[in-house]
Structure formats: structure tokens, C-alpha cells
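Asks: Got a structure for you, questions after.
The values are calculated or read from the model by the stated rules, or taken from the named source; none is laboratory data. Only a predicted model underlies this, so the values are computations on that prediction, with no experimental measurement involved. All Cβ positions, glycine included, derive from the backbone under ideal geometry; neighbour counts span all protein chains shown.
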């Protein structure tokens, strides 16, 4: 990968000239360093220190709190393309999990003060409190164009004392070397790092609260967002959220009407345990629904490959066509990998000589023709690559949860009819 020119003048950081640490470390300077050598100078935002990870960009105009707390961003530095971030502060109602998961945060113009009746504190203060190193006053438009042209890569944010070693300003070469020593996203198995340690249950909510559940679902947490079990529970479903390490015997013990695999971080090509669990679910003909990482795991279970996108889909404005209805939906995305399956026809899934029967691509991205959904035709199973639960919106695809309920109901009816026929 060729070395690019810098966004800004980085002074002593690029020449290696020593300066005294106390004067510069306290002035709020921060450096964003990409593995190809590109550097951007800005101001520290959130915690001061060092962070490294894969740098990606998110095109959402709203929902920064949901983005920050999405476990799928584990080990990633997120660049926000929207220029003004932090205007509505942070509250305790909107997080998608119990903590911020991004490795670092890059913004152009942070809010000088937040203004929302729902806000409890500023975004800057929340980032600092959770130890998330960020940088502001960066030309995020130029940075995004760079990542679109060359693809996502590793990067680091350095501020405060992290800009110095033994009182001497670190050189750009030194910072780039640290960035390049960070692990790649390819081959990373990360679901177990973000999954719950202990199972928990979400009972039916809203108008269904206190009623007998209409169905029971086991949701395998590969990095699940809080809104997902909520979307099922508000439809009257009892949801058992279980760790990524759950076995098929433990799944069966919960007597589910359906199984769900969530979104999550990492390379689906490294998700061996998750793929084997899903194959066991499919063998038992338990209805299945997967979102995002769950779609990639489904693809792999069927025998298809996965591949890394150049810069991924991350935002809340991605057009997708549902091939079942012909409807075009505006959808929320957060994925850097995709399933490599044929867009046309109804081929037999290649795993184990066609063990799982026929499959078709049910949804396709209209920007780049990426597979955005899979449907098994001989099994009660389907998945989508995007996020129908989208807490920050849009909600065009929320009907998919109803489709899952219909699938479980139909399967249960057929199973009951078969049992009755056999007994008679």
C-alpha cells in the first residue's frame, strides 16, 4: 500500500525533532495515524492516550450513541461523516449495550455544548469516563474519501503523554510502526469477547406483558444489540439470550420455537464454533433467523464463502431490495464482510453435497449488488445482512420480525399435524 500525503502539517511528529513533553502534551494535540503513513492533526476528544484498530466510516446523520455502544464495532476506530457530533449529548436510555465498544472515535466538529431534554451528560465526558480515545477537528470528508479509495486499514489515535517516549516527541515512523503491529480484522474471532457470560431472559413486553408468550426464541449473543430482543418481546416472544459458547444441547433444553443469531464483530471465516452450532440447529429443522453476522454465519453454514468488503457498509441510509416483495427499503448497516453466493437462481447449498437443500438470495444491496439476505427453500430459515431492529432508524425492515413469527407458527402447525397423522 503506497504512502499518502498528510492531511495536515504534523511538525515535529513527522521530522522526529525532540520537543519537551509537558508543553505539547497538555495543549490538547492529538494525531490520527493510518498504517499507510497518512497522518491528521487534531485535538484530543474524550480520553487521552493511545488506541489502535481498524478505521471505518459511518454515514449516519443521527444515532451516534447507538453506534458507539454497538458491539459490532469492537476493535474499530469509527469516523463519523456527519460534521457535527454530540449535539444531543448522552443519555442512559439509548445505549445498545452496557458500554461503548468502539476502539476510537474521529469527528470533525464536536458540539461545544449539548442541548436535549433527554441528555444526562456530554459525549466528550462519556468518552473520557469510559476511556475511549478520540480526536476532533479532523477533515473527515477527506479521510472518508481516502478510505473509499484505498479501503479500510489499521489506524491509531495518539494524544497526551502517548505522543512522547522518555520525554521525547515520537516520530511518525514510530507511530506508524505501532499501528502496523495491531492485529488485522481478517481472521479475527471476536464474538466470544463481546458476548454475555451468563444467559438472561427477556419476557413479552408492551401489550403482551404478563401474557403467555406466543413463542420462545433462543437468541445467540454474538454481539447482540439491546433493541433486538426488545423487538421480539414487544411481539409477545419470550427471548432467552445465551452466550456465543452455548451448545446445541443447551439450546434444545430451552425448548425453543426458533433460534436467532445476532450481529457481532470479527471475520465470519473464523467463526468455526458458531457455524457448527447453526448447522446443528438446521439439522433439527428449528426455525432460524439471523441478522448481520448471523447472515454471514448462515451463509457459511450452507457452504458459501465470505469475503471482506473494501470499506464496508456502515450507516442508516443503505437501499436494499426485498426480492420477495419487490419493495426497496432504506436500511441500517454495519458490516465489513459479505456472503459470496450467486445472486440469481435457486442453487442447492454446497455444504455436504446439498444437505440443506436449495437457497436463494432474498435481498440485494442496490448500491453495489452485495448479498443482503438469504432464504433456505427446503428449511425454515432465513437471514438478512442489515439491521431491521435499527434503534436510530430507519424502520422499513421491521416486518422481518413478523416474518420470523409467521415462520415459527407455520412450522409449529406443520409439526403438530405430522405428529397427529403419525399417532392416528
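Asks: Looking for something in a strand (DSSP E or B) and more than 22 Å from residue 386 (Cα to Cα) - is there at least one such residue anywhere in segment 241-263?
Replies: no
Asks: Looking only at segment 214-227, filter to residues that are touching a helix residue (DSSP H, G or I) at 6+ places or on another chain (Cβ under 9 Å), in a loop (DSSP other than H, G, I, E, B) and at negative phi; which one of those is surrounded by the fewest Cβ atoms within 10 Å (Cβ to Cβ)?
Replies: So the residue we want is 214.
Asks: In addition: Of the numbered conditions (1) under 21 Å from the mean Cα position of the chain (by Cα); (2) free of Cβ contacts under 8 Å to residues at least 60 places away in the same chain, residue 350 fails exactly one; give the number of that condition.
Replies: (1)
Asks: Taking the conditions exactly as written (surrounded by 22 or more Cβ atoms within 10 Å (Cβ to Cβ) and within 22 Å of residue 386 (Cα to Cα)), does residue 309 satisfy them or not?
Replies: No: the conditions fail for residue 309.
Asks: Specify which of the listed residues (155, 128, 142, 119) is farther than 29 Å from residue 368 by Cβ, in contact (Cβ under 8 Å) with a residue 24 or more places away in the chain and not in a loop (DSSP other than H, G, I, E, B).
Replies: Matching residue, one of 155, 128, 142, 119: 128.
Asks: Condition first: assigned to a helix (DSSP H, G or I) and more than 19 Å from residue 278 (Cβ to Cβ). Can you find one or more residues in segment 373-390 that meet it?
Replies: No, segment 373-390 contains no residue that is assigned to a helix (DSSP H, G or I) and more than 19 Å from residue 278 (Cβ to Cβ).
Asks: Looking at segment 228-251, can you tell me whether even one residue there is crowded, with 21+ Cβ neighbours inside 10 Å and under 30 Å from residue 52 (Cβ atoms)?
Replies: Yes, segment 228-251 contains a residue that is crowded, with 21+ Cβ neighbours inside 10 Å and under 30 Å from residue 52 (Cβ atoms).
Asks: On to the next question. How many residues, within segment 300-326, are touching a residue at least 40 places away in the same chain (Cβ under 8 Å) and assigned to a strand (DSSP E or B)?
Replies: Of the residues in segment 300-326, 15 are touching a residue at least 40 places away in the same chain (Cβ under 8 Å) and assigned to a strand (DSSP E or B).
Asks: Consider residue 280 against the criteria (1) at pLDDT 95 or above; (2) touching a strand residue (DSSP E or B) at 6+ places or on another chain (Cβ under 8 Å); (3) closer than 28 Å to residue 237 by Cβ; (4) outside any strand (DSSP E or B): it satisfies all of them except one. Which criterion is unmet?
Replies: (2)
Asks: Look through segment 283-296, keep the residues that are touching a strand residue (DSSP E or B) at 6+ places or on another chain (Cβ under 8 Å) and outside any helix (DSSP H, G or I), and return whichever of them is nearest to residue 189 (Cα to Cα).
Replies: Among them, the one singled out is 292.
Asks: Report yes if some residue within segment 68-77 is in a helix (DSSP H, G or I), in contact with a strand residue (DSSP E or B) (Cβ under 7 Å, 6 or more places away or on another chain), at pLDDT 95 or above and closer than 27 Å to residue 117 by Cβ; otherwise report no.
Replies: Within segment 68-77, one or more residues are in a helix (DSSP H, G or I), in contact with a strand residue (DSSP E or B) (Cβ under 7 Å, 6 or more places away or on another chain), at pLDDT 95 or above and closer than 27 Å to residue 117 by Cβ.
Asks: For residues that are surrounded by fewer than 22 Cβ atoms within 10 Å (Cβ to Cβ), part of a helix (DSSP H, G or I) and within 22 Å of the chain's Cα centre (by Cα), tally how many sit in segment 191-213.
Replies: Adding up the residues that qualify gives 2.
Asks: Out of segment 82-109, which residues are surrounded by fewer than 22 Cβ atoms within 10 Å (Cβ to Cβ) and touching a residue at least 40 places away in the same chain (Cβ under 8 Å)?
Replies: Across segment 82-109, the qualifying residues are 83, 94, 95, 97.
Asks: Further question: Sort through 8, 19 and tell me the only one that's at pLDDT below 55 and in contact with a helix residue (DSSP H, G or I) (Cβ under 7 Å, 6 or more places away or on another chain).
Replies: 19
Asks: Taking residue 325 as meeting all but one of (1) modelled with pLDDT under 95; (2) closer than 16 Å to residue 385 by Cα, write down the number of the exception.
Replies: For residue 325, the failing item is (2).
Asks: If you go through segment 290-304 one residue at a time, how many are in contact with a helix residue (DSSP H, G or I) (Cβ under 8 Å, 6 or more places away or on another chain) and either farther than 16 Å from residue 264 by Cα or not assigned by TED's automatic domain parsing to the domain that holds residue 217 (or both)?
Replies: 3
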